[in-house]
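Working notes, structure below.
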């Protein structure tokens, strides 16, 4: 008995889903599997990104080691941390969400990558500002380096939490 597989994309309860239908040799549907299609950036995803970012950023922002490292670390090293975290998160998002669904979803992919990175950095800036450790007007390079240092692991946590469905 040979089984045929048909896949289609449907919107169910406002969310895109991939519906996989298994059809037997007589042409009758045997069963269906519904998988979430995480190509659209929804408010729920934004909240998940914030929660993942806060999860890692909160304890790091309160450590004096990070504050001192942001003073002593070379600018090029801090910007390299930022670039590596951006590239790695973009690759993770691509391979885990958009790899086989990139056609027709390039704009959504770009939106998700930039949203993840900007939301992560915004959460760090918020925490550092609240504890008065974001000296953007006095020493902007130190403030930027603090955000990039804390942002390195924070972006990864945001990407992972966004990937949980």
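All but one of (1) in a helix (DSSP H, G or I); (2) farther than 16 Å from residue 162 by Cα; (3) free of Cβ contacts under 8 Å to residues at least 12 places away in the same chain hold for residue 110, so report the exception by its number.
Among (1) in a helix (DSSP H, G or I); (2) farther than 16 Å from residue 162 by Cα; (3) free of Cβ contacts under 8 Å to residues at least 12 places away in the same chain, the lone unmet condition for residue 110 is (2).
Can you give me the number of residues within segment 14-33 that are at pLDDT 80 or above, in a loop (DSSP other than H, G, I, E, B) and loosely packed, with under 11 Cβ neighbours inside 10 Å?
4
Scan 84, 102, 110, 124 and give me the residue that is under 30 Å from residue 37 (Cα atoms) and surrounded by 16 or more Cβ atoms within 10 Å (Cβ to Cβ). Before the answer, list the steps.
Working: 84 fails: surrounded by 16 or more Cβ atoms within 10 Å (Cβ to Cβ); 102 fails: surrounded by 16 or more Cβ atoms within 10 Å (Cβ to Cβ); 110 fails: surrounded by 16 or more Cβ atoms within 10 Å (Cβ to Cβ).
It is 124.
If only one of 123, 70, 85 is in contact with a helix residue (DSSP H, G or I) (Cβ under 8 Å, 6 or more places away or on another chain) and closer than 30 Å to residue 17 by Cβ, which one is it?
Working: 70 fails: closer than 30 Å to residue 17 by Cβ; 85 fails: closer than 30 Å to residue 17 by Cβ.
Exactly one residue qualifies, and that residue is 123.
Based on what the data block shows, is residue 152 under 10 Å from the mean Cα position of the chain (by Cα), modelled with pLDDT of 95 or more and surrounded by 15 or more Cβ atoms within 10 Å (Cβ to Cβ)? Break it down into steps so the answer makes sense when it comes.
Numbers: under 10 Å from the mean Cα position of the chain (by Cα): no; modelled with pLDDT of 95 or more: yes; surrounded by 15 or more Cβ atoms within 10 Å (Cβ to Cβ): yes.
The answer is no for residue 152.
The values are calculated or read from the model by the stated rules, or taken from the named source; none is laboratory data. Since the model is a prediction, treat every value here as computed from it, not as a measurement. Glycine also receives a Cβ, built like all others from the backbone with ideal geometry; neighbour counts cover every protein chain displayed.
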